[in-house]
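What follows draws every value from the coordinates through simple rules; no lab data is involved. Fair warning: this is a prediction, and the values are worked out from it, not measured in the lab. Neighbour counts are summed over all protein chains in view; Cβ atoms, including those assigned to glycine, are modelled from backbone coordinates with ideal geometry.
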Amino acid sequence: MSAYIDVANWLKLPDKPPDDQEGNGGPYYSPPENQPFEEMWEKFFAIHKPPAFGSQMRQQFFPLLTGNLPASTNPDLSPATTPNRPLPSPSRRVTFLAHGSYGATARPSLDVARQWSLTMEASPVRFFYETLFPYLVRSQRSVAKLVGASPEDCVLVTNVEVGMGAVFSSILLHPGDKIVAFDVTYQAVLFAAQRSCERAGAELLTMRMTFPVTKESVLTDVRKFLDGQASQGGKIRLAVLQHITSPTAIVLPVKDLVRVFHERDIPVMIDGAHAIGQLPLALADLNADYYVSNGHKWLCSPRGTAILHVRRDQQSGLNPLVATWGHPYSASLAARFIWQGTADYSAQLAFYTTVRFWEWLGYERTIKRNAELARWCGRVLVDAWETNLLVEEGEMTKCSMRTIRIPPPYKGVADGSKEIPLGDILFARYGIEVPFFTFRDARWVRVSTHMYNEKEDCLLLGRCVLDALGFPSSHRGYTVLETARRENNSRL
Ligand SMILES: Cc1ncc(COP(=O)(O)O)c(C=O)c1O
């Protein structure tokens, strides 16, 4: 049982600074030794340079992203086969512009997670008694560093909704209390907030976001809403915000919003499901009470990886949804959360390799390039389709997704009253995966551009949407796309 105390201590210790090679200023944190399958990737990272973004990246690190996997395929994903060697040829190739939906796992993460799973099966008792905690702590420390937080203030959870569920179930709501959230909040998060309100006789209030949206309009919406509530009675116990909204892809000015809510003594929980892997993060500075982000979205970590950051002064009141063996050691947030029973921790153990992969790629460099591609894609598609972006280019679009309005079908192709199922048509007819949705009475597409996407993917989407909507080949939009291809042959 002292393992729980060890966990708390390992998280407190500082990393050994490079200028103290002898370790005289310690004690410092010493990570467990790499497993052989992790070491193979370490060697690979040491020898190779990252490939060019786009198709090379896709071939080497997302070889499974093909649309379907032949039943007999059990590919060796380790670097031993070298990522340069293509896997068995796929029966089709999908143009994947839907990373924001469920992510896609990078090869090192997938490989290492599979190997962890086998390691666990080789010696289940030793694995759970001896191996698990030191390696989980190592994952937690490495992710904490990536998001600019102290490891003691973070815990690993399986996904954003589980992290948020812990917060919803831990805050004490009384009849008449309120939780507030924007109307553009991810629907499942609204459902979770709704359920905790219903249990306590509290109320979920949604704030309508004004469009066209700007940083100022968002802050005004919130201030006006809170002023209106001041005379209504009942205490607002929590504000729930998204860092990047979904599916609308709006980057909210969370730092300013946190300040506005804190001025009125309202704690803030931020859903950063899309944030790690798209935005530079400094969670310790952000000062939100709670912040949750998925690893399995933009960081391309295996599914089942998320991080919950809890500000120090909120930690004593926060418990996991499932309380197990760590409960008696409740002075430590990590001890309460680290053990969730006999579950499969292989994804969380591979979180570490995911972070190493991004260190090798260069986090800033990669998110910057992906955001530039999204910007380019938005500009070209708006021009070709003669429509508009949901949010004007600026601080609130500084990410790797764009929400672009779909043109109406070409005259006479459809009567306009029937919705053309573009998502299904694009996948079945052209092999493009991308989500379409209706928002405030208009149809939109949300384009995600990750490290494996390239300009050609966006141009293909542009042409195929025009084609699916019945635009003749003489239409100006095709010329715009062709010109964009010729003028922009520079790689991104
Ligand atoms: C904004 C937002 N919040 C929460 C979630 C839920 O993530 P998960 O299913 O990993 O809990 C999503 C998933 O797409 C999302 O887009």
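Using the 10 angstrom Cβ neighbour count as an exposure proxy, how do Leu190, Leu299, Leu118 rank, fewest first?
On the way: Leu190 18, Leu299 27, Leu118 10.
In order of increasing Cβ crowding within 10 Å: Leu118, Leu190, Leu299.
If the reach is capped at under 20 angstrom between alpha carbons, list the lysines near Lys255, excluding any in the same chain fewer than eight residues apart.
Filter leaves Lys145, Lys215, Lys224, Lys398.
For the chain, just say rounded, prolate or oblate: build the C-alpha gyration tensor, square-root its eigenvalues into a ≥ b ≥ c, call rounded for a/c under 1.5, and beyond that prolate if a/b exceeds b/c, oblate if not. Please list the in-between numbers first.
Working: a/c = 1.97, a/b = 1.17, b/c = 1.68.
In terms of gyration-tensor shape, oblate.
Report ³J(HN,Hα) in whole Hz for each residue of segment 202-210, in order, from the Karplus equation J = 6.51 cos²θ - 1.76 cosθ + 1.60 where θ = phi - 60°; Gly and Pro get x.
With coefficients 6.51, -1.76 and 1.60, one gets 9, 10, 9, 10, 10, 9, 7, 8, 7 Hz.
Evaluate the relative contact order of segment 136-358 (contact order divided by residue number), counting alpha-carbon pairs under 8 angstrom at least 6 apart; express in whole percent.
Details: 412 pairs, mean separation 60.6, N = 223.
For segment 136-358, the relative contact order is 27 percent.
Given H placed on each backbone N at 1.01 Å, which residues far from Cys300 in sequence or on other chains put an amide H within less than 5 Å of it?
When sequence neighbours closer than 5 places are left aside, the close amide H contacts are Ala104.
Along segment 380-390, what does the Karplus equation 6.51 cos²θ - 1.76 cosθ + 1.60 (θ = phi - 60°) give for ³J(HN,Hα), rounded to whole Hz, x for Gly and Pro?
Along segment 380-390, the couplings run 5, 5, 4, 5, 5, 8, 6, 10, 8, 7, 5 Hz.
Sequence neighbours fewer than 8 away in the same chain don't count; with that in mind, list the aspartates and glutamates whose C-alpha is under 15 Å from Lys12.
Glu152, Asp153
Using a 4.7 Å Cβ cut-off, which Cys residues in the chain lack a partner cysteine?
Cys154, Cys197, Cys300, Cys399, Cys464
Under 5 Å between amide hydrogens, which residues at least 5 positions from Gly67 or on another chain qualify, with H placed 1.01 Å from N in the peptide plane?
Amide H to amide H, under 5 Å and 5 or more residues apart or across chains, Gly67 pairs with Val94.
How many percent of all Cα-Cα pairs in segment 364-487 sit more than 20 Å apart? Present the calculation step by step, with values, prior to reporting the outcome.
On the way: 3179 of 7626 pairs.
Of all Cα-Cα pairs in segment 364-487, 42 percent lie more than 20 Å apart.
As a footprinting exposure proxy, order Cys154, Cys458 by other Cβ within 10 Å, with the fewest listed first.
Numbers: Cys154 24, Cys458 27.
Result, fewest neighbours first: Cys154, Cys458.
What dipole magnitude, in Debye to the nearest 20, does segment 136-358 give about its Cα centre under +1 on Lys/Arg Cβ and -1 on Asp/Glu Cβ? Working shown, then result.
Working: 21 positive and 18 negative charges, 72 e Å.
Dipole about the Cα centre, nearest 20: 340 debye.
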